[in-house]
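Take a look at the structure set out below.
The values are calculated or read from the model by the stated rules, or taken from the named source; none is laboratory data. Because the structure is a prediction, the values reported are computed rather than measured. With ideal geometry, Cβ positions are generated from the backbone for all residues, glycine too; neighbour counts draw on all protein chains shown.
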Amino acid sequence: MTTTGQVPGAEGFTPPGPGDFNLPPVFGDSVLFAKPALLLVVSAVAVFGFFFVTSRRTALVPSKAQYVGEQGYGFIRNSVARDVIGSQHFLKFVPWLVATFFFILLNNLFGIIPLIQFPTFSRSSFAYGLAVLVWLLYNGIGIWKHGLLGYLRHVTMPAGITGPILVLIIPLEFFSTVLVRPVTLALRLFANMFAGHLLLILFTLGGEYLLLNSDKVLYNSVGVLTLILAVAISFLELLVQLIQAYVFTLLTAIYIQGALAEDH
């Protein structure tokens, strides 16, 4: 048993862990209605509603809402889609990339929004599900552009390389391009959201415990410092959330461009 004034021990403070990500169902007993799934649906509706409202009544002199929508759309259209995919093919992929960026960003921001405080993609199944959609997209584009056999040749045989070395190159390129890409794409997003959320829980709950469950000024001071660090980490997490949404969208555009390219 922890005595008053001692450093809080395991009996008094339960450290956060993976179990904190297993949230109970919101409605009924089905895991399909757990908080992460509900947030996923809310974010999809919110992103669609935002762009529907901001683009419904366009004007030469834009309203504030229209201006914000146009800036967000233009950022992905010009800085990601056009610059990466190229001016010939980029337009048809702009809706996908815009929706992907803002969908991921909003789900990431849920991690620091009060009363929500859960980044949806800290659940690996959601991150891998989104990565599978990207995998189907760029591989489907490649097969449409080059044909099945032509696409397999495109992704496994780099231009200018011939001879016996292809025996080593072909399986490595197939493994890295076709099999590993969706895993690394999802893992990067999931790991950052999981680690960031776990760190915020640790600093917040740890600081609260030190502040409220000890009569020593030193421990109380450490608790206050820990809570201040939790706020600082929240701002750092905001930057990470933005970067991860951008990186996921940028890599999606790069994979699309690679599938459309004539030479590997």
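Structure data summary
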read-out: Some residue of region 222-231 being among the small types (Gly, Ala, Ser) and either outside any loop (DSSP other than H, G, I, E, B) or touching a Leu at 6+ places or on another chain (Cβ under 9 Å) (or both); value: yes
read-out: Which listed residue is free of Cβ contacts under 8 Å to residues at least 24 places away in the same chain, more than 30 Å from PHE21 (Cα to Cα) and in contact with a Phe, Trp or Tyr (Cβ under 9 Å, 6 or more places away or on another chain), from LEU168, LEU152; value: LEU152
read-out: Within region 78-161, helices (runs of 4 or more DSSP H) holding 3 or more residues that are over 24 Å from the mean Cα position of the chain (by Cα), among the hydrophobic types (A, V, I, L, M, F, W, C) and more than 17 Å from VAL47 (Cα to Cα); value: 148-156
read-out: Odd one out for THR177 among (1) part of a helix (DSSP H, G or I); (2) surrounded by fewer than 16 Cβ atoms within 10 Å (Cβ to Cβ); value: (2)
read-out: Scan of region 169-194 for residues that are among the aliphatic types (A, V, I, L, M), touching a Ser or Thr at 6+ places or on another chain (Cβ under 8 Å) and farther than 18 Å from VAL132 by Cβ, ordered by number; value: ILE169, ILE170
read-out: Selected residue [of a type in the set (Lys, Arg), at pLDDT below 90 and under 17 Å from ASN107 (Cβ atoms)] from LYS35, LYS64; value: LYS35
